[in-house]
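The values are calculated or read from the model by the stated rules, or taken from the named source; none is laboratory data. Predicted model, so just to flag it, every value in this text is computed and none were measured. Methodologically, a virtual Cβ is constructed for each residue, glycine included, from the backbone with ideal geometry; neighbour enumeration extends over all protein chains shown. Note: areas computed on protein heavy atoms with side chains; ligands, DNA, RNA excluded. Shrake-Rupley method; radii C 1.70, N 1.55, O 1.52, S 1.80 Å.
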Amino acid sequence: MDAFTILNGKAAPLDMINVDTDIIIPKQFLKTVKRTGLGVSAFYNIRYDDNGNELPDFVLNKPEYKGAEILITGENFGCGSSREHAPWAILDMGIRCILAPSFADIFFNNSFKNGILPVVLPQEQIDALMQEAKDNPDALIEVDLEKQTITRGNKFSYEFDIDPFRKHCLLNGLDDIGLTLQKNNSIKDFEDLRKQDKPWI
Amino acid sequence: MPRTLYQKIWDDHVVNKQDDGTCLIYIDRHLVHEVTSPQAFEGLRMAGRPVRKVENTLAVMDHNVPTTDRSLPIEEEDSRIQIETLRKNCEEFGVQLFDLTDKRQGIVHIIGPEQGFTQPGMTIVCGDSHTSTHGAFGALAFGIGTSEVEHVLATQTLIQKPAKNMRITVNGELPAGVTAKDMILAIIGEIGTAGGTGHVIEYAGDAVKNLSMEGRMTICNMSIEGGARAGLVAPDETTFQYLQGRPMAPKGETLDKAIAYWKTLFSDDGATYDKEITLNAADIPPTVTWGTTPEDVISITGSVPAPEDFKDPNKQASVKRMLEYMGLTAGTKIEDITIDKVFIGSCTNARIEDLREVAKIAKGKKVADGVEAMVVPGSGLVKAMAEEEGIADILIEAGFDWREPGCSMCLGMNPDQLKPGERCASTSNRNFEGRQGRGGRTHLLSPAMAAAAAVTGKLTDVRNFL
């Protein structure tokens, strides 16, 4: 997993609430056995017409938002299924940070496992960022994970919360499994105890 | 200190706790299917790691499988590759697999309980958000992504912080014609699709207690549609009865020991919840969805709402978009909405009790002209039972399409899909845009309501058939 430290990028406003995982990556693309290559299919049903041509009105198709690395969106982003194909597809499009008033739990969790930073901000701050992204598509927004800030020049600076352990893993690009296996002895002890205590498990 | 059921199960599984509160929790059961596991097995292979507890891991193919003749090859190449990949991975890592021709094959959340693999007090995970289904047994069960699937395969643990506690109490008795599905749709309508985010929901009250295990599974299944990763019902005699004699459930003296433990799994008097909701069962009507999120519910006797009926401007914009997508006009009576297809199946409603409900309504009637109605049993064993009980004959006689088990049109990864503009009365769990096929329009409802819709050709109050 790539580490996440400071991101200075363009932000695209996806002004919708309840963007579900079927919208982020429709079922036909879940048949892959790889993690990569899903970017071209992200948001397929709202991004392309029936013949596979780009829909000009979809925000990420607009020339001014091409190459955006930050997505600003509405509440309950990523609701629905547990498919990690959703963050894989978003990451494969080049997006490393998503700003929203709220996220669905599983998507939120999956994002961290893939080096994507999901940031929860109050609705008014999201509204301001959304407006800014609409008015000034070329403006760069800086996301600083170490300092936990989102800034845009002198225009605004917002602070955000993040779980310290997740922050640590993301800053250093750490692999969870390796960390957990360092506790292998504790897991073994737990298993032995459980075997005595609850033999049916 | 008094603890909730969730807290008791959580405490029982903490392997290690860091200073910041992050815990390593032990996972008792892991269910695996073909869509969310290939990258996880690949990760193990690359790191040279084995599956830590093959005996606590069970795999099945369900999402991609065709629901037609199993002896024929799978035509869709990507689907075939995914299924073959699961087969190869299970062989290589020594994981038990219910393969396509196995009678026990079926939807992952139906086969776990059916085999007795799912038991009270356990932690159960699967790379699928409807893992919440297993919470019906008083197990802490939730969906995980593929990275966590790999983590569990390798370590039999997950890194987590405890969730918040929410209790939803449904008092009283459900009226005739109103089922567990209506109850959960009404609950989601009440709390919204994000109402349970960050929480584990415990369902309580007489109306929940009086449900069969099948009904409890339907309720817990859709917890994720209310934003909660897990739902719970405290285990009781109904639970213990259900588990007796299941192939993977404990037996004899071990069973007695297990039941003694299971009986301790309830929320203590005085335990506190971060959020509490109470509903009266008597107020719940047969319920359907009209929009493209599961919170957009309405009574079968109601009418399609208008954007102005909602206060939040974001919701208004979303309602406008939903009505367009669904091809509905505000003010239209729900019972005037005609349908093209009926789908009876999914991990929400494809258990034997669901099929019995369908047969009760369909008996001696015919599927309406121009309507295609498919029934996809949840597992090979459910299918066999339904055939033995005469349910299959009743449904085939009525003109339903009787198929092989799998996830099927709930998410349309196999060829069972809606065409653009087609409208479907569906017993599944998600009415998202494009879920059942690009441009497809889904109305969620109970199996009995789906049967009523099949025979009349429109959304219909099942109470007219009682």
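Consider A:PHE58 carefully, then state whether it is within 11 Å of chain B (Cβ to nearest Cβ) and either farther than 25 Å from A:VAL40 by Cβ or touching a residue at least 12 places away in the same chain (Cβ under 8 Å) (or both).
Details: within 11 Å of chain B (Cβ to nearest Cβ): no; either farther than 25 Å from A:VAL40 by Cβ or touching a residue at least 12 places away in the same chain (Cβ under 8 Å) (or both): yes.
No, not satisfied.
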What strands (runs of 3 or more DSSP E) lie completely within the range A:107-201 and have 3 or more residues being open to solvent by less than 60 Å² (accessible area, probe 1.4 Å), closer than 30 Å to B:ALA154 by Cβ and at pLDDT 95 or above? A:117-120
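Just one of B:HIS109, B:HIS130 is away from every other protein chain (no Cβ under 12 Å) and under 14 Å from the mean Cα position of the chain (by Cα); which is it?
Numbers: B:HIS130 fails: away from every other protein chain (no Cβ under 12 Å).
Answer to the selection: B:HIS109.
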Members of the range A:61-76 found to be assigned to a loop (DSSP other than H, G, I, E, B) and out of contact with any Lys or Arg (no Cβ under 8 Å at 6 or more places or on another chain), listed by number: A:LYS62, A:LYS66, A:GLY74, A:GLU75, A:ASN76
Test each condition in (1) in a loop (DSSP other than H, G, I, E, B); (2) closer than 20 Å to B:CYS407 by Cα for B:ALA384 and report the one that comes out false. (1)
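Restricting attention to the range B:190-213, and to residues there that are away from chain A (no Cβ under 14 Å) and open to solvent by 30 Å² or more (accessible area, probe 1.4 Å), which single residue is farthest from B:ASP274 (Cα to Cα)?
Let us first name the residues in the range B:190-213 that are away from chain A (no Cβ under 14 Å), namely B:190, B:202-213.
If we keep only those that are open to solvent by 30 Å² or more (accessible area, probe 1.4 Å) as well, we get B:190, B:206, B:209-210, B:212.
Working: B:GLU190: 17, B:ASP206: 21, B:LYS209: 22, B:ASN210: 25, B:SER212: 28 Å.
It comes out as B:SER212.
What are the residues in the range B:2-22 that are touching a residue at least 60 places away in the same chain (Cβ under 8 Å), more than 10 Å from chain A (Cβ to nearest Cβ) and either surrounded by fewer than 22 Cβ atoms within 10 Å (Cβ to Cβ) or not in a helix (DSSP H, G or I) (or both), if any? Steps first, please.
Pass one, the range B:2-22, residues touching a residue at least 60 places away in the same chain (Cβ under 8 Å): B:2-10, B:12-13, B:15, B:21-22.
Remaining after also requiring more than 10 Å from chain A (Cβ to nearest Cβ): B:2-10.
Listed by number, the residues that qualify are B:PRO2, B:ARG3, B:THR4, B:GLN7, B:LYS8, B:TRP10.
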Looking at (1) touching a helix residue (DSSP H, G or I) at 6+ places or on another chain (Cβ under 9 Å); (2) in contact (Cβ under 8 Å) with a residue 12 or more places away in the chain, which one does B:ASP274 not meet, given that it meets all the others? (1)
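Step by step: first the residues of the range A:76-93, then only those that are closer than 19 Å to A:ALA3 by Cα and of a type in the set (D, E, K, R), then the one that is nearest to the other protein chains (Cβ to nearest Cβ). Which residue is that? Spell out the reasoning first.
Of all residues in the range A:76-93, those closer than 19 Å to A:ALA3 by Cα come to A:84, A:87-93.
Then keep just the ones that are of a type in the set (D, E, K, R); that gives A:84, A:92.
Values: A:GLU84: 4, A:ASP92: 13 Å.
Filtering first and then ranking leaves A:GLU84.
What number of residues within the range B:38-89 are of a type in the set (A, V, I, L, M, F, W, C), in a helix (DSSP H, G or I) and free of Cβ contacts under 8 Å to residues at least 12 places away in the same chain? Steps first, answer last, please.
In the first step, residues of the range B:38-89 are kept if they are of a type in the set (A, V, I, L, M, F, W, C); the result is B:40-41, B:44, B:46-47, B:51, B:54, B:58-61, B:65, B:72, B:74, B:81, B:83, B:86.
Next, only the ones that are in a helix (DSSP H, G or I) stay: B:40-41, B:44, B:46-47, B:54, B:81, B:83, B:86.
Still in the list and also free of Cβ contacts under 8 Å to residues at least 12 places away in the same chain: B:46, B:81.
Of the residues in that region, 2 qualify.
Among the residues of the range B:163-173, is any open to solvent by 20 Å² or more (accessible area, probe 1.4 Å) and either without any contact (Cβ under 8 Å) to a residue 40 or more places away in the chain or on the phi > 0 side of the Ramachandran plot (or both)?
Initially, the range B:163-173 is screened for residues open to solvent by 20 Å² or more (accessible area, probe 1.4 Å), giving B:163-164, B:167, B:169, B:171-173.
Subsequent filtering for residues that are either without any contact (Cβ under 8 Å) to a residue 40 or more places away in the chain or on the phi > 0 side of the Ramachandran plot (or both) retains B:172.
Yes, that holds for at least one residue.
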Out of all the residues in the range B:39-55, which are of a type outside the set (Gly, Ala, Ser), facing chain A (nearest Cβ under 9 Å) and open to solvent by 10 Å² or more (accessible area, probe 1.4 Å)? B:GLU42, B:ARG49, B:ARG52, B:LYS53
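Restricting the range B:137-189 to residues that are charged (D, E, K, R) and in contact with a helix residue (DSSP H, G or I) (Cβ under 6 Å, 6 or more places away or on another chain), which is nearest to the other protein chains (Cβ to nearest Cβ)?
Taking the range B:137-189 and keeping what is charged (D, E, K, R), we get B:148, B:150, B:161, B:164, B:167, B:173, B:181-182.
Now narrow it down to the ones that are in contact with a helix residue (DSSP H, G or I) (Cβ under 6 Å, 6 or more places away or on another chain): B:150, B:173, B:181.
Values: B:GLU150: 7, B:GLU173: 32, B:LYS181: 19 Å.
Looking at residues that are charged (D, E, K, R) and in contact with a helix residue (DSSP H, G or I) (Cβ under 6 Å, 6 or more places away or on another chain), I get B:GLU150.
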Criterion first (without any contact (Cβ under 8 Å) to a residue 40 or more places away in the chain, more than 11 Å from chain A (Cβ to nearest Cβ) and among the β-branched types (Val, Ile, Thr)) does B:THR101 satisfy it? yes
